[in-house]
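Each value in this text was obtained by applying a stated rule to the coordinates, not by laboratory testing. As the structure is a computational prediction, the values presented were derived from the model and not from experiment. Note: ideal-geometry Cβ built from the backbone for every residue, glycine included; neighbour counts use all protein chains shown.
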Amino acid sequence: MKPSCLEALRDALINTADKSVKLASLGDSVQSQDISNDILLDGYCRIHTFSEEKKEDWIADPLPTIPAAKALGCRPDQVRNARVLQLSGCNIRCWYCFVDDSNLSPKSPKSRFFAISEIIDTLMLQSQNPFVLDLSGGNSALLPEWTLWTVQYVKDKNYKNIYIWTDDNLDSVYTRY
Ligand code: SF4
């Protein structure tokens with residue numbers, strides 16, 4: 001049976017044999033013009049500062065900082081700088097999306113596969129402090145395995161300094177549970 005468009009998109013983003021996923025390159029993207037923090041993992045992981053503090057013109061947003069700080073036993077200000085990975089594929093096109101259109105496709109020339117172990121081990125080497133690892137997109141809900149493999153790897157390696165966060169847009173069944 002011919003795979004559906006969604007299955008084909010998934011297949012282009014994941015390699016189950018070596019547990020790897022295709023990430024978008026951020027270094028030379030248009031999006032990078034709005035990124036003021038360092039870009040890690042050779043250009044494939046951006047740092048985003050989440051602030052849980054109430055702004056004058058915006059609601060207070062405790063996520064993911066407050067639950068992460070609680071779980072990791074540290075102060076909120078120590079985990080505000082989350083490491084954000086962007087899956088190079090999305091089946092949706094929100095009008096407000098800030099990701100380069102090319103980075104919403106696995107065909108983006110700079111996108112590349114990373115093994116889960118490579119991602120985690122490299123980021124661990126680059127940080128002595130606790131951090132939030134944000135699995136984002138693209139549409140990270142296309143690959144439920146990504147979250148599962150990441151949690152399994154962190155658990156197997158007994159890494160205590162990482163809090164795993166997955167972004168989703170509530171369009172998938174698995175994120176309802
Ligand atoms: S789901 Fe996310 S990545 Fe996809 S188009 Fe919407 S905002 Fe962009």
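Structural remarks
- For the range 75-143, averaging the sequence separation of C-alpha pairs within contact (under 8 Å, six or more residues apart) and dividing by the residue count gives a relative contact order of 60 percent.
- Of Tyr159, Tyr44, Tyr96, the one that fluctuates the most in a GNM where the chain has Cα springs shorter than 10 Å: Tyr96
- For the options Ser25, Ser127, Ser136, a Gaussian network treatment of the chain with springs between C-alpha atoms closer than 10 Å singles out Ser127 as fluctuating the most.
- Computed over the range 5-176, relative contact order equals 26 percent, with contacts defined as Cα pairs under 8 Å that lie 6+ residues apart.
- Here the chain is assigned +1 on the Cβ of each Lys and Arg and -1 on the Cβ of each Asp and Glu. Its dipole about the Cα centre then comes out at about 400 debye.
- Neighbour-limited loop hits for trypsin sites (Lys or Arg not before Pro), the range 68-177 (at most 14 other Cβ within 10 Å; DSSP other than H, G, I, E, B): Arg93, Lys107, Lys157, Lys160
- Taking Cα atoms only, the orientation of helix 116-125 departs from the longest principal axis of the chain by about 30 degrees.
- FRET efficiency, Cys74 to Phe98 (Cβ-Cβ, R0 35 Å, nearest 0.05): 0.75
- Gyration tensor verdict on the range 22-177 (Cα atoms; rounded if a/c is under 1.5, prolate if a/b is larger than b/c, oblate otherwise): rounded
- The Cβ shell under 15 Å around Glu118 holds other residues with a net charge of +1, Lys and Arg each +1, Asp and Glu each -1.
- Model label points for Ala17 and Ala115, set 7 angstrom from Cα along the Cα-to-Cβ axis, are 1.3 nm apart.
- Top of Val84, Val30, Val151 by mean-square fluctuation, Gaussian network on the chain, Cα under 10 Å: Val30
- Of the beta bridges in the range 5-176, as assigned by DSSP with both residues counted there, near 60 percent are antiparallel.
- Positive minus negative residues near Tyr44 (Lys, Arg vs Asp, Glu; Cβ under 15 Å): -2
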